[in-house]
Amino acid sequence: MRTLIAAVAAICLAPAVAAAQGSNYPSKPVTIVVPASPGGVTDALGRTLAQRFSAAWGQQAIVENRPGANNQIAADYVTKSAPDGYTLLVGPEVTFTVNPSLYPKLSYDPVKGFTPITGLVTINQALIANPSFPAQNVKELIALAKQKPGELNYGTFGAGSTGHLNMELFQTMSGVKLQALHYKGATPALTDVVAGHIQMMFISVGSAVPQWKADKVKFLAVGSGKRMALLPEIPTVAESGLPGYEAVSWFGLFGPPGMPADVVAKINGEVRKIMADPDIQKNFLERQYFESIAGSPEQLANAIKSDEPKWRKVIKDAKVQGE
């Protein structure tokens, strides 16, 4: 009887313990793991969250950069961390939707190995070219590429990167053949587009705009589903020759598997406040040409489920292998 009473008491106390976890969270520093080196888009997201978390919660939030292996090093570290909300991951979509098809074996489960917390931002990709490139838009690019199969080239920021896969999808949908030149990052590839050493590439709109405003590159199109409010004069790929095409990346916030629901809810609510802040919208999101997708954990999980089959097919059809 004593054992039964103790068991019942433990069950009754469990919700109270979970609630206490949420109300007391955070009671120590929070680590935001970023799967990239300092200075890039992912790092900027992590540091913005860390600064705002620290201010709101009265506990230090720090960024820990763990770059390498197409986000696998950071993902492996977070999935094996304690599920208490003190280790979080700013995860690009490739971690969950591309890597499972790109690599024969992963050290983490892209679905069961994480707790989705909230989406963060989407990043529209821009199709840009050197100013001397003869095509002025997507329709002309497709026509030129069909006249010269395999002769036109483009840069990527690594085999299997978004810059690579977006162009593979472009080729599949348009029926053209282009030559890929892989770089160790987006910046050196962009530098060579500006210099005319390569002809074109997909890169984030935020990275392309400064070069475009300086007349060092030209926009052929953007990969968004509809024209961007901040760049209304630039057509989309879909409207200018390739209906249904999109080149959009996203980032989400994740934790280890098994996080308490109330801790997830607290973090989720704070991120929503951050993304709705007018100062963040004007001085961070708009400056980077980001769009907030802060929402429910379920929305983030559904994004993975819907995007993974698309990229699995692209990778399989193009026979892409991870580096």
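For residue 33, list long-range residues whose amide hydrogen, built 1.01 Å from N in the peptide plane, is under 5 Å from its own amide hydrogen.
Correct list: 64, 88, 89, 90.
Quickly estimate the mean residue ellipticity at 222 nm for the chain, helices only: each DSSP H run with n ≥ 4 gives -39500 (n - 2.57), and the total goes over all residues, rounded to 500. Kindly include the intermediate steps, with their values, before the conclusion.
Working: 11 runs with 136 residues, N = 323.
Rounded to the nearest 500, the figure is -13000 deg cm²/dmol.
Between residue 144 and residue 54, take the C-beta separation as r, use R0 = 45 Å, and let me know the FRET efficiency to the nearest 0.05.
Details: r = 51 Å, r/R0 = 1.14.
Efficiency, rounded to the nearest 0.05: 0.30.
With springs connecting C-alpha atoms under 10 Å apart, model the chain as a Gaussian network and identify which of 113, 244, 185 has the largest mean-square fluctuation.
244
Restricting things to alpha carbons, find the Rg to Rh ratio for region 192-270 using the Kirkwood radius for Rh. The partial results should precede the final answer.
Details: Rg = 18.2 Å, Rh = 15.5 Å.
Rounded to two decimals, Rg over Rh is 1.17.
Please figure out what share of the DSSP beta bridges in region 109-246 is antiparallel and state it in percent, rounded to the nearest 5.
Given both bridge residues lie in region 109-246, the antiparallel proportion sits at roughly 55 percent.
For region 176-235, what mean projected area does the convex hull of the alpha carbons give, in nm²? Working shown, then result.
On the way: hull surface 19.1 nm².
Convex hull of Cα atoms, orientation-averaged projection: 4.8 nm².
Ignoring the sites themselves, what is the longest stretch of the chain with no trypsin sites (Lys or Arg not before Pro) in a DSSP loop and at most 13 other beta-carbon atoms within 10 Å? The partial results should precede the final answer.
Working: sites that count: 80, 105, 112, 177, 184, 226, 319.
Longest gap between qualifying sites, sites excluded: 227-318.
Amide H of residue 220 versus every other amide H placed in the peptide plane: which residues, excluding those fewer than 5 positions away on the same chain, fall under 5 Å?
Here the answer is 127, 128, 129, since their amide H atoms fall under 5 Å of that of residue 220.
Just to check I understand the Karplus step: with θ = phi - 60° and J = 6.51 cos²θ - 1.76 cosθ + 1.60, what whole-Hz values come out for region 155-165, glycine and proline as x?
x, 10, 9, x, 4, x, 6, 4, x, 7, 5
Rounded to the nearest 10 Å², what accessible area does residue 114 have for a 1.4 Å probe in the complete protein model?
For residue 114, the solvent-accessible surface is approximately 10 Å².
How big is the antiparallel share of DSSP beta bridges in the chain, given as a percent to the nearest 5? Can you show the working numbers first?
Details: 24 of 39 bridges.
Of those bridges, close to 60 percent are antiparallel.
Got the relative contact order for region 117-268 handy, in percent, Cα pairs under 8 Å and 6 or more residues apart?
Values: 269 pairs, mean separation 57.4, N = 152.
Relative contact order, region 117-268: 38 percent.
Counting only the heavy atoms of the protein chains, how much of residue 107 is accessible to a 1.4 Å probe, in Å² to the nearest 10?
Here the accessible area works out near 70 Å².
Please compute the Cα-Cα pair-distance distribution of region 221-323 with 10 Å bins starting at 0, giving whole percents from short to long.
Calculated over all Cα pairs of region 221-323, the distribution is 12, 31, 35, 20, 3 percent.
In nm, what is the difference between 0.36 nm times the number of residues separating residue 301 and residue 230 and their Cα-Cα distance?
Values: separation 71, 0.36 × 71 = 25.56 nm, distance 2.84 nm.
Fully extending the segment from residue 301 to residue 230 adds 22.7 nm.
Could you rank 97, 79 by how accessible they are, 1.4 Å probe, largest area first? Write out the running numbers ahead of the final one.
On the way: 97 0, 79 25 Å².
Accessible-area ranking of 97, 79, largest first: 79, 97.
Taking all protein chains together and a probe of 1.4 Å, list 132, 207, 240 from the most accessible to the least accessible. List each step's numbers first, then the result.
Numbers: 132 95, 207 50, 240 25 Å².
From most exposed to least exposed: 132, 207, 240.
Taking the Cα centre of the chain as the origin and placing charges on Cβ (Lys, Arg +1; Asp, Glu -1), which of 44, 292, 303 is farthest toward the positive end of the dipole?
Result: 303, furthest along the dipole toward the positive end.
Could you report the accessible area of residue 57 in Å², rounded to 10, computed with a 1.4 Å probe on the protein chains as they sit in the structure?
About 40 Å², ignoring ligands and nucleic acids.
If I build a Gaussian network model for the chain, linking alpha-carbon pairs within less than 10 angstrom, which residue out of 165, 106, 127 has the largest mean-square fluctuation?
Taking springs between Cα atoms under 10 Å, the residue moving most is 106.
Could you tell me which of the pairs 218/310; 216/319; 105/310; 213/313; 146/226; 177/305 are separated by over 24 angstrom between their Cα atoms in the structure shown? List each step's numbers first, then the result.
Working: 218/310 29 Å; 216/319 33 Å; 105/310 19 Å; 213/313 36 Å; 146/226 26 Å; 177/305 29 Å.
Table pairs above 24 Å Cα-Cα are 218/310; 216/319; 213/313; 146/226; 177/305.
The values are calculated or read from the model by the stated rules, or taken from the named source; none is laboratory data. All values derive from a computational prediction rather than experimental measurement. Here the Cβ is made from the backbone with ideal geometry for all residues, glycine too, and neighbour counts use every protein chain on show. SASA here: full protein model, heavy atoms, side chains in, ligands and nucleic acids out. Shrake-Rupley method; radii C 1.70, N 1.55, O 1.52, S 1.80 Å.
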